[in-house]
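Let me begin by presenting the structure, written as structure tokens, before commenting on it.
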Amino acid sequence: MKRWILAILMFLGTLILVNLFIPKIIYKNYTYPGLRLEGYNIGKKPSAQLNEEIEKIAKQISQYKVEVKYKNYLKKFSYTELGINPDIEETRKRVMNYGREKYFWQRWASYYKLFSKSSDLKIVLKLDKNKVNSSLNNFLTPFIVKPIDAQFVLNDKDQLTIQSAIWGDEGNINAVIKNIEQTIVYSQGQRNTSLIIPEIKKRPKLLTEDLANMHIDMKLSETITYFDPQKKERANNIKVAAGKLDNVLIPSGKYFSFNESVGPRTKEAGYQEALVIVENEFENGLGGGVCQVSSTLYNAVLRANFPIIERRRHSLPIKYVSLGLDATVNYGTIDFKFLNNTANYILIKTKVVENALVVKIFGHVTNKPNVQIVRSEKIISPSIQTIKDPNLPLGKAVLVESGKDGYIVEVYRIIKDDMKNIITKEFISKDIYQPKNRIVRIGSKVSTSMMVKPNVRINTR
């Protein structure tokens with residue numbers, strides 16, 4: 001009995017010796033014999049040379065190829081092109097830790113693999129998601145179909161038809177990234193050599209049936225204003241802003257904001273420098289001419305009988321619409337807003353033809369109004385401002401500024417029935433355009449000939 005106990009104790013002692021002391025003494029700064037990395041022998045390598053060996057193997061791994069397929073399109077990518085990069089430092093830690101694990105059963109499992117020549121570690125990989133996303137996007141770009149909304153198309157007779165929507169088609173890159181992580185980066189077995197990019201169907205925001213259910217079938221109003229096409233920068237700004245408004249749909253009960261629809265007036269958006277009104281003076285500014293678009297739309301909205309929520313006149317009279325019918329805007333500070341108070345959607349259509357800006361509003365036939373816009377205009381004569389000028393002869397007047405009339409303009413919207421009887425008369429606005437003073441310089445210089453000589457008596461005796 002004692003012999004059996006002694007044998008067991010000797011066996012356990014041998015295990016402890018082999019498990020704890022021999023590896024630490026013999027292979028303290030070396031990898032264990034028989035250890036392999038990606039099929040390459042790295043056994044009995046000194047720690048100091050290990051990085052160099054791993055880097056050589058990593059270069060080979062970086063050139064491994066993966067075939068990527070999307071529909072019937074194929075392309076081979078290297079690991080590097082897909083952002084799959086060897087992690088040298090983490091690989092080194094894994095190699096040096098082999099056979100030196102925390103628990104003895106783990107170490108014995110490692111020893112068994114070494115002795116059975118089945119130990120073959122994998123290079124630790126990490127994934128650059130930005131890189132793989134960029135590479136796959138470049139591959140997919142020629143084959144991607146972007147969704148196109150259904151839209152209303154207007155013919156020369158102001159009749160609307162619906163252009164059908166197109167569903168989009170693109171690759172699911174996120175699914176591929178997860179596949180790469182699971183079957184290549186974190187795989188401890190055979191790494192995947194082929195990937196399929198799943199297709200994703202992208203629904204347009206507006207389908208053909210969506211537009212059909214809006215019941216937009218009648219032109220409610222139209223306004224045309226004109227501009228000088230020779231002023232190319234201003235004409236460009238009008239076209240850019242008008243393009244932002246074309247095909248804008250406003251749901252029932254929703255507000256329309258000009259600034260939200262058109263967006264910031266920036267160079268990136270295509271706007272150029274042209275005349276704008278700043279503190280009662282004309283000067284160059286980015287987006288000059290956009291106010292003609294907002295004013296043209298304002299007139300169409302008035303004639304379509306929608307409630308005006310926010311509108312401000314220009315500080316100076318402008319020429320493209322009548323006084324009192326303008327609507328200035330400035331992104332972030334001054335907006336033009338109105339409300340769709342009908343039970344149906346309404347549609348804004350715009351176009352620029354030569355020197356004309358055309359804005360049309362469409363809705364349901366039951367919302368077609370009989371509108372008349374009436375203005376009253378009162379002139380405010382300018383005051384005369386005189387300035388004494390000591391350099392001009394006394395009493396002489398020189399005109400410096402001729403001045404301009406001011407105006408008080410009131411606007412009303414009259415709704416009539418089919419018999420042309422007035423149903424309502426709505427006060428819209430009262431605008432005061434201040435006159436510009438007439439400035440005259442008046443001479444105050446007195447000539448020597450006009451001076452009175454003193455009465456002097458000379459004694460000749």
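The values are calculated or read from the model by the stated rules, or taken from the named source; none is laboratory data. None of the values given here were measured: they were computed from a predicted structure. Positions of Cβ are generated from backbone atoms using ideal geometry, with glycine treated the same way; all protein chains shown enter the neighbour counts. The accessibility values were calculated without ligands, DNA or RNA, using every heavy atom of the protein model including side chains. Shrake-Rupley method; radii C 1.70, N 1.55, O 1.52, S 1.80 Å.
How about segment 67-135: which chymotrypsin sites (Phe, Trp or Tyr not before Pro) there lie in a loop by DSSP and see at most 11 other Cβ atoms within 10 Å?
Answer by residue number: Tyr103.
What's the longest piece of the chain with no exposed GluC sites (Glu not before Pro), counting a site as exposed if DSSP puts it in a loop and it has at most 14 other beta carbons within 10 Å?
In the chain, the maximal stretch lacking such sites is 102-267.
Whole angstrom only: what separates the Cα centroid of segment 86-162 from the Cα centroid of segment 347-368?
Here the answer is 51 Å between Cα centres.
Roughly what % of Cα-Cα distances in segment 181-254 sit above 20 Å, to the whole percent?
67 percent
With every protein chain in place, what's the accessible area of Thr366 (1.4 Å probe, Å², nearest 10)?
100 Å²
Return one whole number: the accessible area per residue of the chain in Å², for a 1.4 Å probe.
Each residue of the chain exposes 61 Å² on average to a 1.4 Å probe.
For segment 159-216, would you read off the P(r) tail past 18 Å as a percentage of all alpha carbon pairs?
Looking at segment 159-216, the distances longer than 18 Å represent 57 percent of pairs.
Would you mind checking Lys157/Lys219; Lys239/Lys349; Lys244/Lys351; Lys319/Lys349; Lys93/Lys178 for any pair whose Cα atoms are more than 18 angstrom apart?
Where the Cα-Cα span goes over 18 Å, the pairs concerned are Lys319/Lys349; Lys93/Lys178.
Report for the chain the percent antiparallel among DSSP-assigned beta bridges with both residues inside it, nearest 5.
90 percent
Just the number, please: carbon plus sulfur as a percent of the accessible area of the chain, 1.4 Å probe, no ligands or DNA/RNA counted.
Carbon with sulfur: 52 percent of the solvent-accessible area.
Taking the Cα atoms of the chain alone, what are Rg (to one decimal) and Dmax (as a whole number) in Å?
For the chain, the Cα radius of gyration and maximum Cα-Cα distance read 42.5, 178 Å.
Counting Lys +1, Arg +1, Asp -1, Glu -1, what net charge surrounds Glu90 among other residues with beta carbon under 12 Å of its beta carbon?
Value of the local net charge: +3.
What size of dipole, in debye to the nearest 20, comes out for the chain about its Cα centre when the only charges are +1 on Lys and Arg C-beta atoms and -1 on Asp and Glu C-beta atoms?
Roughly 1640 debye for the chain.
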